[in-house]
Each structure stands twice: as structure tokens, then as C-alpha cells.
Amino acid sequence: MPMNNRLMRPMASGFNPRSISGLTLWLDAADSSTFTFNGSTVSEWRSKAGGWSATQTTAINQPTRVENFLSSRAAVRFSATTHALTLNATWADLGDNSSRTITEFYVLSWPASANQSVVTETGSTTGHKLFPYFVNTTAFYDAGPEATARISGAVGNAVNNGVIVTARRDGGQMALRYGSTLVASRSDATGDLYQTVSSVRLQGPSSGQAFVAEVIIYRTALTELQASAVRSYLARRYGL
């Protein structure tokens, strides 16, 4: 008999992403103390784990922090392809390439007309990346070279309104979830977790506006119980 998801949810008090070991990155737009602003735009977004930060020194390419994205919580708005924040961390810092394990959580919205990746490597076109929405119907997740570690699946319209994305790799096993729904998986992924040693980049869409409210990454392949706990934590925060 399937376990009731409500029974798997952690208590409202006491749980946060640090409750699970292996946390390497936690960007939280609701925490204004983690930002440095250049007037009304964001020049730096600091992680609450791992000591990393995402920066943009060119003013015209800086995104904007906005309030009331979901459930009165803030998000970073990327309004153009050139809007981007680059982490001073690589996938080697965030994931475990020796065992090829990583678990990523994103709270975001993405316009239906856009087809760029929201997270990618700055120095590789075939490395680790996430396309939350592609040609309006299909999501892509690459955790390594495209030919050997790509999964894709239909996601519907939820990304326009805000969604929790979970991307997970455990050796050859890969999975992509939108909310609690599994939209893509494979069991035979090969190749490194990342293609090149290059920085991690959050970037804007080809058209419309994208919003990123939270990014949580672990270097381990979380169990489904652990991943459900993180998703429940995020769902409560954002009313998803």
C-alpha cells in the first residue's frame, strides 16, 4: 500500500535543508540578508551553505529581487537572456563526481515560450544543465555529457505558475520530478557528472520572465523519503 505523502512530511518546526547531511548550496530569496544590491538590481546572492555566492558585476545583466512571488515570498526575476548570476562554485564543489551523485531542488517559474536552460555551466554546451521548460511541453535535465546522461519528459503548464523541481542522479540512475510527479527517468546514464570544470550559472529566458525563489543542492543521492521531506518543506513555504 503506497505511503500517504502527508505522513511523510516533516514537522513544521525544526526541519530545514540543513537537517539532511550533504548540503552544498542553499540560495533562499526570502532571506534579504543574503543579497547585495546595486540600486534595485542584484549584484550578489550568497548561499546559506557551502560559503558560495552567485554574482553579476555588469549592471545591465543583473536580475531583480521581487516580493510576493509565491505565498508572499520573494524570488529573483530574470527578465532577459543576458540576466545571469554566476556561482564561484563548480559542479565538482556541489556534487560528488567519484560516485556521480547529486540531488537538486529548484522553486521557480518559467515562461512557456522560452527554451534556454535556467541552470548550466558557463564553459560547456554539453555539461550539466536544467531546462525547466522546452518548446512548451518537454523538460530536459542533463547531469553530465548530453549523449550519455540526458532525460526529458512532458511537464504541462505548472512551470508558468511556479513549481518545485527535483533533479537526482545516483550513478546511472537519473530522475526528474515536477512537484511529486516523476516526468523523466533513466537507469543507464554514463559519463561524468559534469563535463568540464566550469562555474554554475543561473540565467534568464529567451523571452518573458523567469523567477527563481530557492535552490537547494546536496552532493548525495537523497533517498525518496529525504527528498519528500525537502519537497514538503518547500511546498509549505510556497503554497505548492
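The values are calculated or read from the model by the stated rules, or taken from the named source; none is laboratory data. On a predicted model such as this, the values are computed, not experimentally measured, just so you know. Cβ: placed from backbone, ideal geometry, glycine included. Neighbour counts: every protein chain shown. Please note that ligands, DNA and RNA were not included when accessible areas were found on the heavy atoms of the full protein model with its side chains. Shrake-Rupley method; radii C 1.70, N 1.55, O 1.52, S 1.80 Å.
Listing for the model above:
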{"quantity": "Summed residue charge, Cβ within 12 Å of residue 182's Cβ, Lys/Arg positive, Asp/Glu negative", "calculated": "+2"}
{"quantity": "Column: log10 I(q)/I(0), Debye, Cα scatterers of the chain, q = 0.10, 0.16 Å⁻¹", "calculated": "-0.41, -1.16"}
{"quantity": "Heavy-atom surface of the chain, accessible at 1.4 Å and reported per residue (Å²)", "calculated": "41"}
{"quantity": "Taking the convex hull of Cα positions in region 101-172, its mean projected area over all directions (nm²)", "calculated": "4.6"}
{"quantity": "Value of relative contact order over region 133-240, rounded to a whole percent, pairs C-alpha under 8 Å and six or more apart", "calculated": "23"}
